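Q: Below are the structure tokens for one structure; questions will follow.
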Amino acid sequence: MIGVNSNEAATSNATAAVIEQMSTYDHEQVLFCQDQATGLKAIIAVHNTTLGPSLGGTRMWNYASEADALKDVLRLSRGMTYKSALAGLNLGGGKAVIIGDSRTQKSEALFRRFGKFVNSLGGKYITAEDVGITTKDMEYVALETKHVAGLPEYMGGSGDPSPVTAYGVYMGMKAAAKQRWGSDSLEGKKVAVQGVGHVGAYLVEHLVSEKAIVTITDIHQPSIQKLVEKFGVTAVAPDDIYDVDMDIYAPCALGATVNDETLERLNCTIICGAANNQLANESKHGQIVRERGILYAPDYLVNAGGIINCYWEVTGYNRDAALSQTEEIYNTTLEIFKRSADLGIPSYQAANELAEARIKAIGKVKLTY
């Protein structure tokens, strides 16, 4: 019998754990990226390329561990597959995360090195902006690869996709209001927006323009102060957002904020926001939300505006076309609610089944990318 030392055993166990997680989410490929010279630590996950090359943003976040980063990128990339499928795009699902503090650890060299890793996939993955990333960061990535979207307009891109993402969430929220109250007007509705970064801030602007009553929170105080001064909205501490008097909860930061603990505190009738993976446990919390009579607008459905905008950038940008397709989120959201009611299933399941049906159908007539 050949002996195996503890380091080899640990490596073998870690590898097995990664493969098991890939199998759980049914991923095609995961690329681990590391560069000591620039301090880069990143993970690129390609979930499914049946409909086309995978497209999904890069997130920069100071994860507590590499395991947390892996779990996040696997869930996010799977969500991108469903998002593109439901939006009718010829794209697969992928995502990337860079482990680090987006406010202190960025550099041109880091993003250019990351761009080389993206380029090594030969177009199977197209990157763009996500949490912690700006159009300037994408400029550096684009110096090393053509497989990038969300570039500034002066580089031939469409610019920051956040306004289009926010517009799609706004359309989804109006559809949810129509389903719940018979009118899609948000005037006088109490909306709690958790996270007012790029997308959340634009969403607040839409809500205020329609005379909704808005309460906001964020871990970044300057972001809060800017919106309070500009729109006169109410601000609360991050943990207090779950307890405010609200009609609509709009999570627009990181995921998993709809969980065992928060569901005991949330007093809302609609959940509709920009964050990915809002349900901590999709099947468990999706069912609980339904049983409590809360109308949940599936996150990857309503936040698809950004990916729609990037898709049009990749294929030949037309802003009017991008906005028109984003407006269709309204109708698709109503379709999902109807399917959910007709079949007696949670809305997340109705959305999943519709996305999976398209992938399966197209998979019969074309090869993977």
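The values are calculated or read from the model by the stated rules, or taken from the named source; none is laboratory data. The shown structure was predicted, so the numbers you read here are calculated from the model rather than taken from an experiment. As a convention, Cβ positions derive from the backbone with ideal geometry for all residues, glycine included, and neighbour counts pool all protein chains shown.
Q: If Glu139 passes every condition in (1) in contact (Cβ under 8 Å) with a residue 24 or more places away in the chain; (2) touching a Phe, Trp or Tyr at 6+ places or on another chain (Cβ under 9 Å) but one, which one does it miss?
A: (1)
Q: Restricting to the stretch 187-207, what's the tally of residues that are more than 18 Å from Cys310 (Cα to Cα) and in contact (Cβ under 8 Å) with a residue 60 or more places away in the chain?
A: Residues that pass the stated criteria total 7.
Q: Kindly indicate the residue of the stretch 167-204 that is touching a helix residue (DSSP H, G or I) at 6+ places or on another chain (Cβ under 7 Å) and assigned to a strand (DSSP E or B) and also surrounded by the fewest Cβ atoms within 10 Å (Cβ to Cβ) among those meeting that condition.
A: Gln194
Q: Now, a different point. Would you mind finding the one in Tyr311, Tyr300 that is buried (at least 19 other Cβ atoms within 10 Å of the Cβ), among the aromatic types (Phe, Trp, Tyr) and touching a Gly at 6+ places or on another chain (Cβ under 7 Å)?
A: Among Tyr311, Tyr300, only Tyr300 is buried (at least 19 other Cβ atoms within 10 Å of the Cβ), among the aromatic types (Phe, Trp, Tyr) and touching a Gly at 6+ places or on another chain (Cβ under 7 Å).
Q: Considering only residues that are modelled with pLDDT under 95 and of a type in the set (Gly, Ala, Ser), look in the stretch 226-260 and name the one that is surrounded by the most Cβ atoms within 10 Å (Cβ to Cβ).
A: Ala253
Q: Can you name the condition, by its number, that Asn277 falls short on among (1) touching an Asp or Glu at 6+ places or on another chain (Cβ under 8 Å); (2) in a helix (DSSP H, G or I); (3) not β-branched (Val, Ile, Thr)?
A: Failing condition for Asn277: (2).
Q: What are the residues in the stretch 48-74 that are outside any loop (DSSP other than H, G, I, E, B) and under 13 Å from Ile126 (Cβ atoms), if any?
A: Ser54, Leu55, Gly56, Gly57, Thr58
Conditions tested, residue by residue: (1) part of a helix (DSSP H, G or I); (2) small (Gly, Ala, Ser); (3) within 15 Å of Cys272 (Cβ to Cβ).
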| position | (1), (2), (3) |
| --- | --- |
| Leu301 | yes, no, yes |
| Cys310 | yes, no, no |
| Lys338 | yes, no, no |
| Ala341 | yes, yes, no |
| Ala355 | yes, yes, no |
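Q: Let me ask you something else. Mind listing just one residue for me: the one in the stretch 35-47 that is touching a residue at least 12 places away in the same chain (Cβ under 8 Å) and either in a loop (DSSP other than H, G, I, E, B) or not assigned by TED's automatic domain parsing to the domain that holds Leu110 (or both) and, of those, farthest from Asp130 (Cα to Cα)?
A: Ala37
Q: While we're on this one: Being small (Gly, Ala, Ser) and farther than 20 Å from Val148 by Cβ is the filter; apply it to the stretch 24-56 and report the residue that is surrounded by the fewest Cβ atoms within 10 Å (Cβ to Cβ).
A: Ala37
Q: Still on this structure, please answer the following. Can you find a residue in the stretch 254-261 that is acidic (Asp, Glu) and farther than 23 Å from Arg59 by Cα?
A: yes
Q: Of everything in the stretch 315-331 that's touching a residue at least 60 places away in the same chain (Cβ under 8 Å) and of a type in the set (A, V, I, L, M), which residue is surrounded by the fewest Cβ atoms within 10 Å (Cβ to Cβ)?
A: Filtering the stretch 315-331 for residues that are touching a residue at least 60 places away in the same chain (Cβ under 8 Å) and of a type in the set (A, V, I, L, M), the one surrounded by the fewest Cβ atoms within 10 Å (Cβ to Cβ) comes out as Leu323.
Q: Same structure again: State which residue pairs qualify: first residue outside the structural domain of Asn48 (by TED's automatic domain parsing) and inside the stretch 332-359, second residue of a type in the set (Gly, Ala, Ser) and not in a helix (DSSP H, G or I) in any location, beta carbons under 6 Å apart, and separation of 6 or more residues or different chains.
A: Thr333/Ala297
Q: Further, regarding this structure: Taking only pairs six or more apart or across chains, which ones have beta-carbon atoms under 8 Å, a first residue in the stretch 248-262 that is at positive phi, and a second residue that is in a loop (DSSP other than H, G, I, E, B) and not polar (S, T, N, Q)?
A: From residues that are at positive phi, the pairs are Ala256/Ala280.
Q: Ok, one more. Check the stretch 83-90 and report whether any residue there is of a type in the set (Ser, Thr, Tyr), closer than 25 Å to Met22 by Cα, part of a helix (DSSP H, G or I) and not assigned by TED's automatic domain parsing to the domain that holds Val196.
A: Checked against the condition, which is being of a type in the set (Ser, Thr, Tyr), closer than 25 Å to Met22 by Cα, part of a helix (DSSP H, G or I) and not assigned by TED's automatic domain parsing to the domain that holds Val196, the stretch 83-90 yields at least one hit.
Q: Find the residue count for the stretch 213-225, including only residues that are more than 24 Å from the chain's Cα centre (by Cα) and either surrounded by 17 or more Cβ atoms within 10 Å (Cβ to Cβ) or not assigned by TED's automatic domain parsing to the domain that holds Asn303 (or both).
A: Result for the stretch 213-225: 1.
Q: Here are some conditions: (1) in contact with a helix residue (DSSP H, G or I) (Cβ under 8 Å, 6 or more places away or on another chain); (2) at pLDDT below 95; (3) not hydrophobic (A, V, I, L, M, F, W, C). Glu66 meets all but one. Which one does it not meet?
A: (1)
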